[in-house]
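Participant: Just dropping this structure here.
Laboratory data are not the source of any read-out in this text; all were calculated from the coordinates shown. In this text, all values refer to a predicted model and were calculated from it rather than measured experimentally. Cβ placement follows ideal geometry from the backbone for every residue including glycine, while neighbour counts extend to all protein chains displayed.
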Amino acid sequence: MELMKNYSDLLTEIECIKQEIRLTEREFEYWSGIRMHDKESDGIPLGTMKHHKVSTQLTQIEKKRIALNRLNERLEYHEKYKERMDKLMQQFNGLEYKVAYKKWVEMKKLKEIAEELGYSEQYIKEISAKLSKTYKKPTDLLKSV
């Protein structure tokens, strides 16, 4: 069941990277004066910020470009890892795995899980308690990625 927690951590990490990309794109736009996703943009209007030297702007633009490249590489790596984990988890059978997936990955309440799987809420609570006893330590997936 630790795999389910790791998978949930991975999904969170992917969302964090996407947020970092959005923030870095806004910073790039600030320093360059170019909108990242504007197809009509042509050229670099560096003169739009009179309170910064052009050399400062160029330095910041380069830093943001490098940061965006690194973030996009990290995102691609994590998304490929997610695809591999998706394939692996599709091979699991059994009620415990279904409950663990819905609880830890989909973040559903036990009542919802019971309704979806067609079992009593009490039975799903028992399975969940068993899973929680099995899993006691925090995940370290992201350190190894």
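Participant: On a 31 Å Cα-Cα criterion, which of the cross-link pairs LYS63/LYS87; LYS63/LYS102; LYS18/LYS87 come out too long?
Facilitator: From the list (LYS63/LYS87; LYS63/LYS102; LYS18/LYS87), the Cα-Cα distance tops 31 Å for LYS63/LYS87; LYS63/LYS102.
Participant: Rounded, prolate or oblate: which fits the range 86-136 when a ≥ b ≥ c are the square roots of the eigenvalues of the alpha-carbon gyration tensor, with rounded for a/c under 1.5 and prolate only if a/b beats b/c?
Facilitator: The shape class here is oblate.
Participant: Sorted by mean Cβ packing within 10 Å, highest first, what order do the peptides 21-32, 74-85 take?
Facilitator: Output ranking for 21-32, 74-85: 21-32, 74-85.
Participant: Calculated FRET efficiency, GLU15 and LYS63, Cβ-Cβ r, R0 22 Å, to nearest 0.05?
Facilitator: The computed FRET efficiency comes out at 0.40.
Participant: Separate question: Amide H to amide H, which residues 5 or more places from LYS108 or on other chains are under 5 Å from it, using H placed in the peptide plane?
Facilitator: For LYS108, whose amide H was placed from the backbone, the distant partners under 5 Å are LYS103.
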